[in-house]
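Novice: Handing you a structure now.
The values are calculated or read from the model by the stated rules, or taken from the named source; none is laboratory data. Predicted model, so just to flag it, every value in this text is computed and none were measured. Note: ideal-geometry Cβ built from the backbone for every residue, glycine included; neighbour counts use all protein chains shown.
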Amino acid sequence: MSESEAQSKPQIIELRKLTKTYYRGSEAVEVLRGLDLDIEEGAFEALMGPSGSGKSTLLNLIAGLDSPTSGQLLVAGADLGKLNDTQRTKWRAQNVGFVFQTFNLMPVLTAAENVALPLLLTNLPAAERKKRAETALSVVGLGDRMHHYPRELSGGQEQRVTIARAIVTDPRIIVADEPTGDLDRDSAEEILNLLGRLNTEFNKTIIMVTHDPAAAERATVIRRLNKGVLA
């Protein structure tokens, strides 16, 4: 690929002078300090750094779970810093899928019912919600576990259910916060392989926070945060 072709790839994330400050009483704690960051659509990027470096805060801002203190936060065509809570909620439902270290599955629902939960925010009829959940489970290799409850699944299978739930709305971006943190090495490899496939075959932009160098190596770009600044 030529340099001009590389430069012409669209940016799905553009951050300019982004800051995030929290307050402990009257004390200001500056978590992110004037961040500039561009991420191309279809990228698979890993965020690394010590605890307290701002990784999860940055991920939450990109995902529209929080708003910046100052600076520009353009993600998937929206200026998130200018949206109110209701607008951000609607934007998240359309653009972002979430994968966390803890699976956050409802124990009383089957795999298919858990996966279909985000679709309750849409106007889709029940039959279409069911069909999409089954398709998402097939993509992650759990077509034969649709009617199983979380207690009947292994940890790796539970995490695959959460990935199916993350992609059921066909989001442009998947944010993954320590997605292999609670898994053994074999299960972690399966999840990383699946994320890689979602990136290469389905062109999902993936932003993954991880402490695991082996997991980070699966990304095409590794970025390091230290004290709120990209190193």
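Novice: Go through (1) of a type in the set (A, V, I, L, M); (2) at negative phi; (3) under 17 Å from the mean Cα position of the chain (by Cα); (4) modelled with pLDDT of 95 or more one by one and return the number of the condition Val99 breaks.
Specialist: If we test Val99 against (1) of a type in the set (A, V, I, L, M); (2) at negative phi; (3) under 17 Å from the mean Cα position of the chain (by Cα); (4) modelled with pLDDT of 95 or more, just (4) comes out false.
Novice: Counting only residues that are aliphatic (A, V, I, L, M) and in contact (Cβ under 8 Å) with a residue 40 or more places away in the chain, which one in segment 113-138 is surrounded by the fewest Cβ atoms within 10 Å (Cβ to Cβ)? Break it down into steps so the answer makes sense when it comes.
Specialist: Taking segment 113-138 first, the residues aliphatic (A, V, I, L, M) are 115-117, 119-121, 124, 126-127, 133, 136-137.
Narrowing further to those that are in contact (Cβ under 8 Å) with a residue 40 or more places away in the chain: 115-117, 119.
On the way: Val115: 30, Ala116: 25, Leu117: 15, Leu119: 20.
This residue is Leu117.
Novice: Hey, another quick one. With the structure loaded, tell me whether Asp186 is assigned to a loop (DSSP other than H, G, I, E, B) and surrounded by fewer than 19 Cβ atoms within 10 Å (Cβ to Cβ) or whether it fails that test.
Specialist: Details: assigned to a loop (DSSP other than H, G, I, E, B): no; surrounded by fewer than 19 Cβ atoms within 10 Å (Cβ to Cβ): yes.
Answer is no for this residue.
Novice: Quick test for you: out of Arg185, Arg223, pick the one residue that is modelled with pLDDT under 95 and among the basic types (Lys, Arg). So that I can check it myself, show each step before the final result.
Specialist: Details: Arg223 fails: modelled with pLDDT under 95.
From the options Arg185, Arg223, the qualifying one is Arg185.
Novice: Still on this structure: For the subset of segment 146-160 comprising residues that are buried (at least 19 other Cβ atoms within 10 Å of the Cβ) and of a type in the set (D, E, K, R), which member is farthest from the chain's Cα centre (by Cα)?
Specialist: Glu158
Novice: Shifting gears a bit: Can you give me the ranges of the strands (runs of 3 or more DSSP E) entirely in segment 10-112 with at least 1 residues that are more than 23 Å from Thr162 (Cβ to Cβ)? Don't jump to the end; show me each part of the working.
Specialist: Details: elements: 11-24, 27-40, 44-48, 70-75, 96-100.
Answer list for segment 10-112: 11-24, 27-40, 70-75.
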